[in-house]
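Asker: One structure, as structure tokens, below. Some questions next.
The values are calculated or read from the model by the stated rules, or taken from the named source; none is laboratory data. All values reported here derive from a predicted model rather than from experimental measurement. Virtual Cβ from ideal backbone geometry, glycine too; neighbours counted across all protein chains shown.
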Amino acid sequence: LPKGYQISQFDRPICTDGGVWIETETWGKRFIRLTRIHMEEDAGKSIHDAAVTGGDATHVDLNRAGVPLLEIVSEPDLRSAEEASAYLRVLRQILRYLDVSEADMEKGQFRCDANVSLRPRGSVELGALGPEHEVDPLRRHAEQPAGLDHLQRLVHHRGAVDGDLGSHLPGRVSQGLF
């Protein structure tokens, strides 16, 4: 059984600052800043897929609960789903090159919890960022564009992405949003 809390080294990161270069067709070459990289333990996962749960239910998978993982936190530098996908590809290449992980999303070795703040069209100031929306986790490369692009139509809630349908599944209300 889970212990009811998660161990994290959030306040003692392995590294801080730095970043990675990405390149996209729309935005060109850009530097994405990293806030920190820290260790924590996997808390398990919720499964919302009707093909797995047999309907409109949520199953909890605790098979990986307690397994250590690296959390890589970036600054709010990504401007689109295209950039987010490029960023994830670069991180995956780095992790594979360094032989840290196979970084296979389908096997749960590499995941993306996307925290997205939307701002009014045309504004560029960070101060114009709206409330944060969270989609977690994107487990397959095919889910990235659908999940991240769909955030343009979201209200304040937390949910998951159905990669087969290309849609966002509402989840629980995130703390502190209301």
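Asker: Return the residues of segment 86-100 that are at pLDDT 90 or above and assigned to a loop (DSSP other than H, G, I, E, B); say none if nothing qualifies.
Answerer: LEU98, ASP99
Asker: Of all residues in segment 50-72, how many are charged (D, E, K, R) and either within 30 Å of THR26 (Cα to Cα) or under 18 Å from the mean Cα position of the chain (by Cα) (or both)?
Answerer: To start, the set of residues in segment 50-72 that are charged (D, E, K, R) comprises 56, 61, 64, 71.
If we keep only those that are either within 30 Å of THR26 (Cα to Cα) or under 18 Å from the mean Cα position of the chain (by Cα) (or both) too, we end up with 64, 71.
Residues meeting the conditions: 2.
Asker: Any idea which residue in segment 104-139 is surrounded by the most Cβ atoms within 10 Å (Cβ to Cβ), counting only those that are modelled with pLDDT of 60 or more, within 14 Å of the chain's Cα centre (by Cα) and outside any strand (DSSP E or B)?
Answerer: PHE110
Asker: Any residue at all in segment 77-84 that's in a loop (DSSP other than H, G, I, E, B), in contact with a strand residue (DSSP E or B) (Cβ under 6 Å, 6 or more places away or on another chain) and closer than 26 Å to GLY122 by Cβ?
Answerer: Filtering segment 77-84 for residues in a loop (DSSP other than H, G, I, E, B) gives 77-80.
From what is left, the residues that are in contact with a strand residue (DSSP E or B) (Cβ under 6 Å, 6 or more places away or on another chain) are 77.
Going one step further and asking which of them are closer than 26 Å to GLY122 by Cβ, we end up with 77.
So far as segment 77-84 goes, yes, one or more of its residues are in a loop (DSSP other than H, G, I, E, B), in contact with a strand residue (DSSP E or B) (Cβ under 6 Å, 6 or more places away or on another chain) and closer than 26 Å to GLY122 by Cβ.
Asker: Among the numbered criteria (1) surrounded by 14 or more Cβ atoms within 10 Å (Cβ to Cβ); (2) more than 26 Å from GLY19 (Cα to Cα), which single criterion is violated by ASP61?
Answerer: Among (1) surrounded by 14 or more Cβ atoms within 10 Å (Cβ to Cβ); (2) more than 26 Å from GLY19 (Cα to Cα), ASP61 violates only (1).
Asker: Mind listing just one residue for me: the one in segment 73-102 that is hydrophobic (A, V, I, L, M, F, W, C) and more than 14 Å from the chain's Cα centre (by Cα) and, of those, surrounded by the most Cβ atoms within 10 Å (Cβ to Cβ)?
Answerer: Within segment 73-102, the first condition is being hydrophobic (A, V, I, L, M, F, W, C), and the residues that meet it are 73, 78, 81, 84, 86, 88, 90-91, 94-95, 98, 100.
Checking which are more than 14 Å from the chain's Cα centre (by Cα) leaves us with 90, 94-95, 98, 100.
On the way: VAL90: 15, ILE94: 13, LEU95: 17, LEU98: 8, VAL100: 11.
Step by step, filter segment 73-102, then rank; the result is LEU95.
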